[in-house]
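The values are calculated or read from the model by the stated rules, or taken from the named source; none is laboratory data. What you see is a predicted model; the values in this text were computed from it and never measured. Methodologically, a virtual Cβ is constructed for each residue, glycine included, from the backbone with ideal geometry; neighbour enumeration extends over all protein chains shown. Surface accessibility is based on the protein's heavy atoms, side chains included, excluding ligands, DNA and RNA. Shrake-Rupley method; radii C 1.70, N 1.55, O 1.52, S 1.80 Å.
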Amino acid sequence: MNIQDIIAKKRDKQELNKEEIYFFINEYTNNKIADYQASALIMAIYINGMSKEETLNLTLAMASSGDILDLSEIGIVVDKHSTGGVGDKVTLILAPIIASLGVPVAKMSGRGLGYTGGTIDKLESIPGYKVNILEKEFIQNVKNIGISLIGQTMNLAPADKKIYALRDATSTTESIPLIASSIMSKKIAAGANKIVLDVTYGSGAFMKTKEQAEKLADEMIEIGKLAGRETIAILTPMDEPLGKNVGNTLEVVEAIEALNGSIKNDLKEVVLELGSNMLKLAGKGNNLEENKRKMIENIKNGKALEKFKELVENQGGDISYIEDINKFEKAKYILPVIYEANNEGIVRNLKAEEIGKLSVFLGGGRIKKEDKIDTAVGITFNKKIGDKVERGEILAYIHANNEEKGKEAVERLKQIYVIE
Ligand code: URA
């Protein structure tokens with residue numbers, strides 16, 4: 001068997017068998033296939049798709065490219081994963097709330113992908129926070145404090161780690177088999193027995209329509225079932241950025257504010273919807289409204305924030321930043337984007353994909369897989385879809401570390417806002 005034949009087969013729209021898929025994943029994980037060959041195959045999969053059976057084999061091959069954790073001794077452990085979004089800081093808020101309600105959370109997150117942000121890049125903006133910890137520490141953390149959020153480190157789904165970075169740099173992100181296998185291989189390897197998926201759709205999501213999102217959700221639920229993990233999916237619209245900030249540090253700050261009780265409605269809705277279902281899956285109550293009430297209660301009484309601090313401290317992070325968000329490093333230039341038209345208007349559109357790309361342009365995401373991220377840059381929104389604006393009002397702020405780029409971003413953001 002050789003990789004050229006496998007690439008040619010997929011290029012020619014034929015189905016790959018189990019042996020071919022395992023060959024590709026094993027050889028690529030062991031650096032015996034070059035990045036350019038893997039990229040060619042990934043592009044062929046992107047263009048020609050995969051059958052359900054191929055996607056299942058790809059997922060299982062990726063999950064077994066490293067260790068598969070067994071967390072059964074901890075009891076019911078839940079995990080949550082989003083298919084990607086812009087301004088999506090949900091995990092940072094949701095995971096500590098759920099853990100503070102006595103449900104262990106063990107989660108392996110990803111880095112930014114394409115124009116969407118990644119929880120791991122966000123967590124790394126907390127000084128000292130270690131996303132790379134040993135498997136036994138990961139398990140011990142979940143046992144000790146009921147939560148651990150880690151990156152794709154250790155030996156968990158290493159194939160996905162490599163393919164994910166390639167996809168980020170080769171515009172091959174928006175593909176049902178590639179997303180389903182990427183997410184479910186991580187979920188299977190990280191060991192949780194219950195999984196809640198946030199499947200986003202709209203301009204800021206990889207799935208542009210609800211129908212595509214449903215198809216992706218169905219495939220992941222089926223894979224979860226076959227792998228013995230109870231999986232449910234919630235569909236979430238993502239037409240504008242979620243919450244008020246886009247950018248790594250900015251989103252961490254927003255998450256801390258949310259855990260302190262100040263949270264934008266759109267973000268709150270997603271957090272409560274996903275969380276109430278996580279609690280239900282974990283056997284903590286079938287009444288979703290009651291579950292939401294418990295979550296709000298743990299924000300109000302400070303238990304969720306305490307759990308977040310425990311998480312950060314346990315993984316080496318400096319909690320003085322959580323206690324005083326002003327300590328986070330700010331971008332050098334914080335430039336207002338002012339509404340200059342004569343007539344007042346209503347924001348009608350704020351395309352999340354364009355915003356995500358703008359954040360990457362400022363340095364908040366990667367163009368090449370080895371790029372370093374600038375954690376301080378991003379965008380803060382004063383006005384979102386449905387808001388009324390008058391001449392002279394500030395629509396948003398651009399946070400930039402390069403003045404020229406900052407000024408260009410201001411002009412680009414003015415074009416992205418559709419105000420009628
Ligand atoms: N999140 C992942 O982990 N993988 C994807 O492909 C998309 C979102």
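Going by what's in this entry, would residue 192 be described as away from the ligand (no atom under 14 Å from the Cβ), in a loop (DSSP other than H, G, I, E, B) and open to solvent by less than 10 Å² (accessible area, probe 1.4 Å)?
Answer is yes for this residue.
Test residue 95 against the stated conditions and say whether it is within 23 Å of the chain's Cα centre (by Cα) and open to solvent by less than 10 Å² (accessible area, probe 1.4 Å).
yes
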For the range 197-206, check the following and say yes or no: at least one residue is among the acidic types (Asp, Glu), in contact (Cβ under 8 Å) with a residue 40 or more places away in the chain and surrounded by fewer than 24 Cβ atoms within 10 Å (Cβ to Cβ). no
When you go through 363, 392, 406 one by one, which is the residue that is open to solvent by less than 60 Å² (accessible area, probe 1.4 Å) and either more than 28 Å from residue 165 (Cα to Cα) or among the basic types (Lys, Arg) (or both)? 392
Considering the range 71-92, residues that are assigned to a helix (DSSP H, G or I) and closer than 23 Å to residue 114 by Cβ, and then whichever is farthest from the ligand (Cβ to nearest atom), we arrive at 92
In the range 112-155, the residues that are more than 16 Å from the ligand (Cβ to nearest atom), in a loop (DSSP other than H, G, I, E, B) and at negative phi: 124, 125, 126, 127, 129, 130, 132, 133, 134, 155
Among the numbered conditions (1) within 15 Å of the ligand (Cβ to nearest atom); (2) surrounded by 18 or more Cβ atoms within 10 Å (Cβ to Cβ); (3) of a type in the set (Gly, Ala, Ser), tell me where residue 171 comes up short. (2)
Looking at (1) away from the ligand (no atom under 16 Å from the Cβ); (2) touching a helix residue (DSSP H, G or I) at 6+ places or on another chain (Cβ under 8 Å); (3) open to solvent by 10 Å² or more (accessible area, probe 1.4 Å), which one does residue 36 not meet, given that it meets all the others? (2)
Of everything in the range 27-46, what is within 12 Å of residue 58 (Cβ to Cβ) and touching a residue at least 40 places away in the same chain (Cβ under 8 Å)? Give them in sequence order. 28, 42, 45
Condition met for residue 273 (more than 22 Å from residue 89 (Cα to Cα) and part of a helix (DSSP H, G or I)): no
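Looking only at the range 328-349, how many residues end up being over 23 Å from residue 378 (Cα atoms) and exposed (fewer than 13 other Cβ atoms within 10 Å of the Cβ)?
4
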Between a residue in the range 116-145 that is closer than 30 Å to residue 208 by Cβ and open to solvent by 50 Å² or more (accessible area, probe 1.4 Å) and any residue that is within 16 Å of the ligand (Cβ to nearest atom) and in a loop (DSSP other than H, G, I, E, B), which pairs come within a Cβ distance under 8 Å, given they are 6 or more apart or on different chains? 124/131
When you scan the range 235-243, do you find a residue that is under 28 Å from residue 308 (Cβ atoms), surrounded by 24 or more Cβ atoms within 10 Å (Cβ to Cβ) and in contact with a His (Cβ under 9 Å, 6 or more places away or on another chain), even just one? no
